[in-house]
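Undergrad: Submitted below is the structure of interest, expressed as structure tokens.
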Amino acid sequence: MSASTPVLKDAYKSLIEALHHGGIANQVKVNSTGSSRRSSRDDRDVLRGRLQGILVPGGFGERGSEGKIEAARFARTRNVPYFGICFGMQMAVIEAARNLAGFPEASSTEFGPTSEPVVGLMTEWTRATNG
């Protein structure tokens with residue numbers, strides 16, 4: 001997403017509402033930034049306690065994946081709660097494989113051929129087991 005692309009809040013309406021309702025159930029107010037982009041300002045806000053967690057929702061394709069991987073690394077290295085849903089969790093797996101398990105080229109086969117696949121399409125896994 002480019003810097004000039006507006007965030008489509010309606011696309012994640014149910015997720016945003018679930019977070020707010022979870023906050024109500026836990027007697028805390030949830031303020032979401034609605035931004036899919038990270039900046040040095042976000043870094044400062046996290047470190048000052050203004051942002052208390054990072055949520056990376058689902059998505060498809062390689063577009064934006066490196067930013068999501070960086071968000072997972074940022075959260076891990078600064079002990080910030082990270083909630084990866086579907087694609088967001090896949091990006092956290094890739095980040096961990098690259099930076100903790102020693103697979104610097106770790107990636108997903110969803111993005112194309114890779115020498116170190118750590119995430120694959122279900123059809124690849126079912127083909128492998130069905131021979």
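Please treat every number below as a calculation from the coordinates, not as lab data. Predicted model only: the values in this text are computed from it and were never measured. In this analysis, Cβ positions are derived from the backbone assuming ideal geometry, glycine residues included, and neighbour counts consider all displayed protein chains.
Undergrad: Sorted by mean Cβ packing within 10 Å, highest first, what order do the peptides 81-93, 15-27 take?
TA: 81-93, 15-27
Undergrad: Just order 65-71, 96-102 by mean Cβ neighbour count inside 10 Å, highest at the front, would you?
TA: Packing order, densest peptide first, comes out as 65-71, 96-102.
Undergrad: Please give me the summed charge of the neighbours of THR109: other residues whose Cβ is under 12 Å from its Cβ, Lys and Arg +1, Asp and Glu -1.
TA: Here the charged neighbours net out to -3.
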